[in-house]
Amino acid sequence: MSRIAATFERLRAQGRRALIPFVTAGFPSPQETPAILDALVAGGADILELGVPFSDPMADGPVIQRAGEQALAHGVDLARVLALARDFRARHADVPLVLMGYANPVESWERRHGAGSFARAAAEAGVDGVLIVDYPPEECAEFAAALRAHGLDLIFLLAPTSTDARIAQVGRLASGYVYYVSLKGVTGAAHLDAASVAEKLPRIRAHVRVPVGVGFGIRDADSAQAVGRHADAVVVGTRLIQVLEQAPAAARAQAARDFVAGLRAALDALPPAGA
């Protein structure tokens, strides 16, 4: 059983929801990323999403764009991200780690190292899952097979505009979990509509057998609880990046830990899932 599946099984048995924070690798600096990842775990994160910096992040709003630009300015490329993943795995044997990014860095890697080399390198680094924003299910059957061959989960995005046919298509390929984007637009673009999330999730679950995480619009304990009443996991990214931006350099890791701990407490205050 994969680390992602094992994590969701454990949480399901406890009646709890997964908390999945996202941070950009190399932001605010490559040297700070390990301490920030450790702080997220200490704050109660169940799974971590580590963003691979890219120069044209089409799904990301200005906050995460800034983080990516800063990481790129520090020279953080896919090789550096994999090194950060490898170091994380040496410190945390059981916490799932997901790489989230775009097709270009992956395809550039494979042009240099050969077909299937990304999946092999990610697995060797201790990565558990991969979410490529601009790989639709109809175009990534080979990529999915390469990941499966190395024990990696392929995670897809679904949106409010996703049709039943698209959801079913994702359901046939997805493993680990699916990430439902609760808003139309880019990350950090608008406020959460919890009623819309509650309406959409049963349609997704009719076609998707893996857990469903919800992100975009999670900013605080209230929005985390609003989503946690319906979803298997809550994903938070933009607000966490803002917390890191606003904290003094010496206090960034602690600020990240405190923010995540607040979300963890809010989710754990909900009635047990399925009750």
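The values are calculated or read from the model by the stated rules, or taken from the named source; none is laboratory data. Every value quoted in this text rests on a predicted model; they were computed, and no experiment measured them. We place every Cβ from the backbone using ideal geometry, glycine too, and count neighbours over all the protein chains shown.
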Fill in the blank from the handout: Residue count, region 96-123, condition in contact (Cβ under 8 Å) with a residue 24 or more places away in the chain and either crowded, with 18+ Cβ neighbours inside 10 Å or part of a helix (DSSP H, G or I) (or both), comes to 19
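Using the structure shown, decide if A195 is without any contact (Cβ under 8 Å) to a residue 12 or more places away in the chain, among the hydrophobic types (A, V, I, L, M, F, W, C) and out of contact with any His (no Cβ under 9 Å at 6 or more places or on another chain). Lay out the reasoning, then the answer.
Values: without any contact (Cβ under 8 Å) to a residue 12 or more places away in the chain: yes; among the hydrophobic types (A, V, I, L, M, F, W, C): yes; out of contact with any His (no Cβ under 9 Å at 6 or more places or on another chain): yes.
So A195 fits the description; yes.
Tell me, which residue of region 65-95 that is small (G, A, S) and in a helix (DSSP H, G or I) is surrounded by the fewest Cβ atoms within 10 Å (Cβ to Cβ)?
Of the residues in region 65-95, the ones small (G, A, S) are 67-68, 71, 73, 75, 79, 83, 85, 90, 93.
Next, from what is left, pick out any that are in a helix (DSSP H, G or I): 67-68, 71, 73, 79, 83, 85, 90.
Values: A67: 28, G68: 26, A71: 26, A73: 12, A79: 14, A83: 14, A85: 24, A90: 9.
Within region 65-95, the match that is surrounded by the fewest Cβ atoms within 10 Å (Cβ to Cβ) is A90.
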Exercise for the section: Restrict the check to region 106-127 and report whether at least one residue is modelled with pLDDT of 95 or more and touching a Pro at 6+ places or on another chain (Cβ under 8 Å). Expected result: no
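Looking only at region 9-21, count how many residues are surrounded by fewer than 24 Cβ atoms within 10 Å (Cβ to Cβ) and not polar (S, T, N, Q).
To start, the set of residues in region 9-21 that are surrounded by fewer than 24 Cβ atoms within 10 Å (Cβ to Cβ) comprises 9-16.
Those left that are additionally not polar (S, T, N, Q): 9-13, 15-16.
Qualifying residue count, region 9-21: 7.
Quick check, is A25 in contact with a helix residue (DSSP H, G or I) (Cβ under 7 Å, 6 or more places away or on another chain), farther than 18 Å from V76 by Cβ, modelled with pLDDT of 95 or more and surrounded by 18 or more Cβ atoms within 10 Å (Cβ to Cβ)?
Values: in contact with a helix residue (DSSP H, G or I) (Cβ under 7 Å, 6 or more places away or on another chain): yes; farther than 18 Å from V76 by Cβ: no; modelled with pLDDT of 95 or more: yes; surrounded by 18 or more Cβ atoms within 10 Å (Cβ to Cβ): yes.
So A25 does not fit the description; no.
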Exercise for the section: Please work out which residue is surrounded by the most Cβ atoms within 10 Å (Cβ to Cβ), limiting yourself to region 180-208 and to residues that are in a loop (DSSP other than H, G, I, E, B) and at pLDDT 95 or above. Expected result: V208
